[in-house]
Amino acid sequence: MRTIAASILSADFGRLADEVRAVAAAGADWIHVDVMDGSFVPPITIGPRVVEALRRATALPLDVHLMIQHPERQVAEFVRAGASGITVHVEAETDVAATVAAIRAAGVRAGLALNPPTPLEWVRPFAPIIDLLLVMSVNPGWGGQPFVDGSLEKLAEARRLRSTTGAAFVIEVDGGIKAHNAARAAAAGADVLVAGSAIFESADYPAAIRALRVTPS
Ligand code: DX5
Ligand code: ZN
């Protein structure tokens, strides 16, 4: 079963609670929350106060994607705010193993993300201790960018890493997912598809989410 995570980065921030309720009613499985610090990536987005508001607006899992330096300093606050899972970047300034352990100890799903130029080898040492591997299929920072070539191969490599190590992480793909490539990304290895602009820039959220689930023959 393919999980669809709606990324609120492309939502109308002035009506965030309504937007989240609308995608939940339209069939989204998770709400994906992109946190940016103006340092790990140039833009600044949102913090725990907004996660807290989202927590009140929906019962769906809140999949918090931290594109920030020193994520270890923020884990407790995001858990307190209601995050269901927290994903940190392998490229971030942090002790990855310790941060992943802290996320798990706080009782939420621990994810590790890697950017398109980062070799999968960088995450191999952490395979046994993570709950989710996030394969970025765009360079992080902005919604609406085109899917980076080579991401399908990275997803296939991630799946091989999981089977050869006997690890149990879920594989998520984030960036440039649209109706035309969703089935290919899932076939390559993605269990969770993040989609921002494909959903929020559509006039019909249920149809947009259905289109991401359909497997063309
Ligand atoms: C990019 C974010 C993504 C982004 C995806 O830095 O991590 O979650 O919202 O947006 P789309 O689906 O429009 O590529
Ligand atoms: Zn994201």
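Among the candidates R73, R2, R55, R80, the residue that is over 25 Å from F126 (Cβ atoms) and away from ligand 2 (no atom under 16 Å from the Cβ) is uniquely R55. For beta carbons closer than 8 Å, sequence separation of 6+ or different chains, a first residue in the stretch 74-100 that is at positive phi and of a type outside the set (K, R) and a second that is surrounded by 24 or more Cβ atoms within 10 Å (Cβ to Cβ) and assigned to a loop (DSSP other than H, G, I, E, B), there are no qualifying pairs. Taking the stated definitions as given, is S10 of a type in the set (G, A, S), farther than 20 Å from A101 by Cβ and modelled with pLDDT of 95 or more? When the stated conditions are applied, S10 passes them.
Sub-7 Å Cβ pairs linking a first residue in the stretch 137-153 that is more than 17 Å from S39 (Cα to Cα) to a second residue that is surrounded by fewer than 17 Cβ atoms within 10 Å (Cβ to Cβ) and at pLDDT 95 or above, at least 6 apart or interchain, are V138/Q145; L152/R184, ordered by first then second residue. Each residue in the stretch 115-126 was checked for being part of a helix (DSSP H, G or I) and more than 15 Å from T87 (Cβ to Cβ), and 4 pass.
Scanning the stretch 23-58 for residues that are touching a helix residue (DSSP H, G or I) at 6+ places or on another chain (Cβ under 6 Å), under 17 Å from G196 (Cβ atoms) and open to solvent by 40 Å² or more (accessible area, probe 1.4 Å) turns up nothing. Take I4 and decide whether it is open to solvent by less than 20 Å² (accessible area, probe 1.4 Å), within 16 Å of ligand 1 (Cβ to nearest atom) and either at pLDDT 95 or above or polar (S, T, N, Q) (or both). When the stated conditions are applied, I4 passes them.
Return yes when H70 is of a type outside the set (V, I, T), closer than 20 Å to A102 by Cα and touching a residue at least 60 places away in the same chain (Cβ under 8 Å) and no when it is not. No.
With respect to the stated conditions, V194 is surrounded by 21 or more Cβ atoms within 10 Å (Cβ to Cβ) and within 17 Å of H32 (Cα to Cα).
Considered as a group, the residues in the stretch 137-171 that are of a type outside the set (S, T, N, Q) and open to solvent by 70 Å² or more (accessible area, probe 1.4 Å) include one that is nearest to A110 (Cα to Cα), and that residue is A168. Residues considered: S163, S197. Of these, the only one that is within 12 Å of ligand 1 (Cβ to nearest atom) and out of contact with any Pro (no Cβ under 6 Å at 6 or more places or on another chain) is S197.
Put simply, of D95, D12 the only residue that is more than 23 Å from L155 (Cβ to Cβ), charged (D, E, K, R), more than 16 Å from ligand 1 (Cβ to nearest atom) and surrounded by fewer than 19 Cβ atoms within 10 Å (Cβ to Cβ) is D95. Contact map, the stretch 173-184: residues that are open to solvent by 20 Å² or more (accessible area, probe 1.4 Å) paired with residues that are within 11 Å of ligand 1 (Cβ to nearest atom) and in a helix (DSSP H, G or I), Cβ distance under 7 Å, separation 6+ or inter-chain. Pairs shown: K178/A198; A179/A198; A179/L212.
Exactly one residue among V90, V20 is hydrophobic (A, V, I, L, M, F, W, C), touching a Phe, Trp or Tyr at 6+ places or on another chain (Cβ under 7 Å) and within 16 Å of ligand 2 (Cβ to nearest atom), and that residue is V90.
So, R109, is that one under 20 Å from F169 (Cα atoms), of a type outside the set (A, V, I, L, M, F, W, C), away from ligand 1 (no atom under 13 Å from the Cβ) and surrounded by fewer than 23 Cβ atoms within 10 Å (Cβ to Cβ) or not? Break it down stepwise before answering.
Numbers: under 20 Å from F169 (Cα atoms): yes; of a type outside the set (A, V, I, L, M, F, W, C): yes; away from ligand 1 (no atom under 13 Å from the Cβ): yes; surrounded by fewer than 23 Cβ atoms within 10 Å (Cβ to Cβ): yes.
Against the criterion (under 20 Å from F169 (Cα atoms), of a type outside the set (A, V, I, L, M, F, W, C), away from ligand 1 (no atom under 13 Å from the Cβ) and surrounded by fewer than 23 Cβ atoms within 10 Å (Cβ to Cβ)), R109 qualifies.
The values are calculated or read from the model by the stated rules, or taken from the named source; none is laboratory data. This one's a predicted model, so the numbers in the text were calculated from it and none came from an experiment. Every residue, glycine as well, gets a Cβ built from its backbone with ideal geometry; the counts of neighbours run over all protein chains shown. Ligands, DNA and RNA are excluded from the accessible area calculation, which covers all protein heavy atoms including side chains. Shrake-Rupley method; radii C 1.70, N 1.55, O 1.52, S 1.80 Å.
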